[in-house]
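These notes are about the structure you will find just below.
The values are calculated or read from the model by the stated rules, or taken from the named source; none is laboratory data. None of these values were measured; they are calculated from a predicted model. Don't worry about glycine lacking a Cβ; one is built from the backbone with ideal geometry, like all the others, and counts go over all protein chains shown.
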Amino acid sequence: MYADPVRNTPCFGRNTQEGPSVVSIFNAPTRNLDIVTLHEILRLRQDVFVVEQEAAYGDIDGRDLEPGTVQFWAGNGSVDATLRLLREPDGTERIGRVATAQHARGQGLAGQLMEAAIAESRSPSIALGAQSHLEQWYGRFGFVRSGDEYLEDRIPHIPMTRKR
């Protein structure tokens, strides 16, 4: 455990590259985040899901504050990508709110966050609701389709599960 050098917040993190463009991966329970980091995570999610994808739903759904919810983010002084890992009442876990800023896409940040969340998971089963066009991308991390396609805010999604 060490402090985020930009915000001086306690979190778990690791550098993923060497050289002048070092990107770090961090994770911390939502309740342990400082207000600036939480604001940047929520702002990125709003920029991607509400503005860019025109999904008129409340991103802030109350689940971020549940005990056991862990936020993951990547960046070098800013939040360039994020996801959250939720603990479900049945003991399984769920990955959601995977988002990458437009300027940071194509750098593999979301993939690194997925790997970090899977490594952090303590559950024998992790679920997620994938946008349908990303089925193969999530498949790279061991997720398989587990149900029929459905619409969420006019965007086709599929349920996917990864078992250990």
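Looking at the range 82-99, can you tell me whether even one residue there is among the small types (Gly, Ala, Ser), modelled with pLDDT of 95 or more and over 15 Å from the mean Cα position of the chain (by Cα)? Within the range 82-99 (the criterion being among the small types (Gly, Ala, Ser), modelled with pLDDT of 95 or more and over 15 Å from the mean Cα position of the chain (by Cα)), the answer is no, since none of the residues qualifies. Within the range 127-164, being of a type in the set (A, V, I, L, M) and closer than 24 Å to GLN46 by Cα holds for ALA127, LEU128, ALA130, LEU134, LEU151, ILE155, ILE158, MET160. For the range 90-125, the candidate set comprises residues that are touching a residue at least 60 places away in the same chain (Cβ under 8 Å) and out of contact with any Leu (no Cβ under 7 Å at 6 or more places or on another chain); within that set, the residue that is nearest to LEU44 (Cα to Cα) is LEU109. You will find that of VAL36, VAL79, the residue that is at pLDDT 95 or above, assigned to a loop (DSSP other than H, G, I, E, B) and among the aliphatic types (A, V, I, L, M) is VAL79 and no other. Does ALA110 satisfy being surrounded by 14 or more Cβ atoms within 10 Å (Cβ to Cβ), of a type in the set (Gly, Ala, Ser) and under 19 Å from ILE155 (Cβ atoms)? Answer is yes for this residue.
Which residues, taken from the range 130-152, are under 17 Å from VAL48 (Cβ atoms) and crowded, with 16+ Cβ neighbours inside 10 Å? ALA130, LEU134, TYR138, listed by residue number. Residues that are small (Gly, Ala, Ser) and buried (at least 17 other Cβ atoms within 10 Å of the Cβ) within the range 22-67 comprise SER24, ALA28, listed in sequence order. Within the range 45-73, the residues that satisfy the criterion of being part of a helix (DSSP H, G or I), over 13 Å from the mean Cα position of the chain (by Cα) and among the aliphatic types (A, V, I, L, M) are VAL50, VAL51, LEU65. The residues of the range 51-87 that are farther than 21 Å from HIS103 by Cα and of a type in the set (Gly, Ala, Ser), listed by number, are ALA56, GLY58, GLY62, GLY68.
Within the range 137-164, the only residue that satisfies the criterion of being at pLDDT below 95, assigned to a loop (DSSP other than H, G, I, E, B) and touching a strand residue (DSSP E or B) at 6+ places or on another chain (Cβ under 9 Å) is ARG164. Scanning the range 82-108 for residues that are small (Gly, Ala, Ser) and outside any loop (DSSP other than H, G, I, E, B) turns up GLY96, ALA99, ALA104.
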